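Let me begin by handing over the structure; questions about it come next.
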Amino acid sequence: MATSAFANGIEGLLSKVLGYSNFPGTLDLPQPVGDIVARKLRIVNGYGASELGILNVIHETGNWDPLKDWRYLHFHPELGMELRHVSGDEYEAVLVRTPEREGHQFPFSIFPDRQESHTNDLMVRHPDPAKSNLWRPSARLDDVIVFLNGEKTSPVSMEGHMVASNPEVTGALVAGAQRFQAALIVELDRSVTALSASDRAAVIEKLWPSIQQANEKCPAHARIAKSHILFTTPEKPMLRAGKGTVQRAGTLAMYASELDALYADAEKLVQQDGGEIPGPGAVDDAVQVAAFIRASLLAITGWSAEKLSGTENWYTLGLDSLQTITMTRVLKQGLHLPTLMPNLIYLYPSITELTQAVQQLDKQGLLQERDKLLQTLASQIEPPSPDTVHTASRPTPGTHTVILTGSTGQLGTYILDALLRNPSVAHVHCLNRGDDAREKQQNRIKAYGLTPLADNEARLSFWTADLSKGGDLGLQPDVFTQLQQTATLLIHNAWTVNFNVPLATFEPQIQGVVNLINFVTHSPRSPHLFFLSSISSVMGHYNGESGLIPETVLTTTTSAPNGYANSKYIAEHLLDFAAQQQQEQQKNTQQARAAPSFSFARVGQVAGAVRSPGLWNRAEWFPSLIQSSRHLQALPDTLGPMDRIDWVPVDLLAEVVVELALLGANDFSAPNMINRCSSATHSPTAVQVYHPVNLHPHSWDLIRPVVADALLAQDKENSGKKIETIPLREWVQRVRRDIEAASVSFSADTKDSKRLADRELQALLEQNPAAKLLDFFEGLTMEHTQTGTVFESVHTAKMSKTLREVEGVRPEWLSKWVGEWLA
């Protein structure tokens, strides 16, 4: 039943229902429907299974909101239920046998030899740290799709959204196991007969708004494209269990041949996508854009040039839906327009019309979304209050109280270590989301060979926080007051690194920046706020042929390449806005007063540690490239826009960050910061901007032979062989072909023709991990990609003695890193 139809008729029905409703399957209850029900009566969420019985859950809990938390369960502590991490934010519920709890553990009376009972149910913890004992069922473990690049997704929410949003849809399944992309199988109401090609296109257009809504909440690899939608036929309805739920495995098996054909057709489009046609990489030159559209269309259709004028309607000439999808892929790549969709081509089916449309799309779209969010959040920044009494005394050595967010990550761990080694730091307060941060921190420190936490116990505190919560940052009131009264420096490092999700995903983290700005604005000791930004934030900036990015706040007229980069861009501008507010108040009051100050560092490629055994994360792009190159016995001849090797090792970068942050804390008022940091080459700004990049850059050409030697030194089995150098595009193609060929080979050699099991896929990806990052590496090959970008660092070098002492990437560093990855 569609949500809208349900909403229209539910009010009267609910008014006749007494007290509460017991709903044992909230995983299948669409959120909008449940919200309507919860406003009228209480939903009692039960949990059980045939092999488990009905399990005890706690319904009366003080922090449970019946209107918002109706999906969540609170497992009784006497059950012995453990939530074990699977991937992302999902955990499996596992019943662990304990003698004192066997009266509540039904499975072990049936299976006395078992010590654990796996439910295969995935749960997600409540996002509010104060409700960490509440868990929401999200999917079945056997529902999770593992793609060929190793990424995982739970399809249940998308499937439920499709059925709830479209009255004509009676069933939906997301497919894609052991593929690079997801597909959607749709079952329509039985009154719908077999679809013709035109009918199919019309239904897709009707369903598309709801698919787009679902896509917005999905990572890139799990989004549904129009080319990957399959409709069931009336003679083969989806298989269903006795309670009416779709049987996933059986239905997917029944439509295996149709899915294979769907993916094969899509692959044909990829193979003829005109990738050799050079794209202009931007849409500011209408002549270049029109020429590219024309050349691409001729290559895809095979039409004669004489046939195609600037105003001719392509569909009158015979352009079909598959060619439209191919055209979309070509334009996305050649014009660097990730938001371009096939419907734009349908709406503007001529060279002249589409040229104007894509230019308009580039100016709007992501840019509008970014700037609108910036404007909205800037309005939430509170101006300095004359009622806040700021202390006039400058912090003295040994008296700094530092707040560090995101301390448990790799860079955060090294920043914490550098702070604790600095004699000017009296105490460090670590703010993290998880309540197990201290344990994680100790494990990281041990792995990196750093000073144990126990050696600095008196100077260290860990607090569970939610920075997106205004007012108290998710802290206990007494803790919040203590931090606001004592802090002299706040280093904001916490940020999710994910290049595959949209800007909207980062809104809670950007909100956290606003809340931290308001925090320091009303703190009596005027703490300095130092933010860890990214060089990707200004990748939309063009500064002539020099490609030089200045050490200042930049307003770009082109959106950054992804949601992560745009989120950092917004954060930088929020800090600048706050700093200008402080500066204006200084002018208006015409008196010297202590006031918060702000700075940020655009961090580039962070390399592995060189003074400790800390491992450079194997899952990052360069370690993945090296591991795949060993497997392929070949290195790419170029890294495209990444050819400039200006990397800084993580342990050295942490020292630079602490040095710059303490500089801001010592010269804590805005006028002091401006006067100290102004120079002939660096114009004074309200917020200070740093580029902590290596001052002695190398090129990939220079270090590639060193990498090749390090690979050969690690590969005893292939001694005497050479690592060949091949074009980057060919290297990327080999990565793709290798993982695809292995998948086909395994399937053919298996009697039941099942696709790769998870463990076999993971083994392949261990050898060839670049397959997980194919989109990234393919992006390096695109001709439009900005090259030659250099981040100016004169001002940063002047301020940081530590950065001036960092050497260029040394051969022994490369050998150390390669040895750690391949060990």
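Considering all alpha-carbon pairs of the stretch 145-262, what whole percent are spaced by more than 19 angstrom?
43
Computed FRET efficiency, Cβ-Cβ of F111 and N133, R0 30 Å: what is it to the nearest 0.05?
0.60
Rounded to the nearest 0.05, what FRET efficiency is calculated for S379 and E457 with R0 set to 35 Å and r the Cβ-Cβ distance?
So the FRET efficiency works out to roughly 0.25.
Also: For the stretch 392-525, count the residues as N, evaluate 2.2 N^0.38 Å, and divide the Cα radius of gyration by that value, please.
That ratio works out to 1.06.
Taking 0.36 nm per residue of sequence separation and subtracting the Cα-Cα distance, how much length would be gained by fully extending the chain between K440 and D643, in nm to one decimal?
69.6 nm
What is the log10 of I(q)/I(0) for the stretch 286-363, computed with the Debye formula using one identical point scatterer on each Cα and no solvent, at q = 0.27 Å⁻¹?
Log-scaled intensity ratios, in q order: -1.65.
Take each of the peptides 723-730, 632-639, 515-522, average the number of other beta-carbon atoms within 10 Å over its residues, and list them starting from the highest.
515-522, 632-639, 723-730
Report the label-to-label distance for K332 and A253 in nanometres (one decimal), using points 7 Å from each Cα along the Cα→Cβ vector.
3.3
Non-local amide H neighbours of F791 (under 5 Å, H modeled in plane, Pro and chain starts lacking H): which ones?
Those lying under 5 Å, H to H, from F791 are I549.
Relative contact order for the stretch 145-262 using alpha-carbon pairs under 8 Å, separation at least 6, rounded to a whole percent?
24
Are there chymotrypsin sites (Phe, Trp or Tyr not before Pro) in the stretch 284-346 that DSSP marks as loop and that have at most 16 other Cβ atoms within 10 Å, and which are they?
W303
Every number here is computed from the coordinates shown, using simple stated rules; none is lab data. All values reported here derive from a predicted model rather than from experimental measurement. Every residue, glycine as well, gets a Cβ built from its backbone with ideal geometry; the counts of neighbours run over all protein chains shown.
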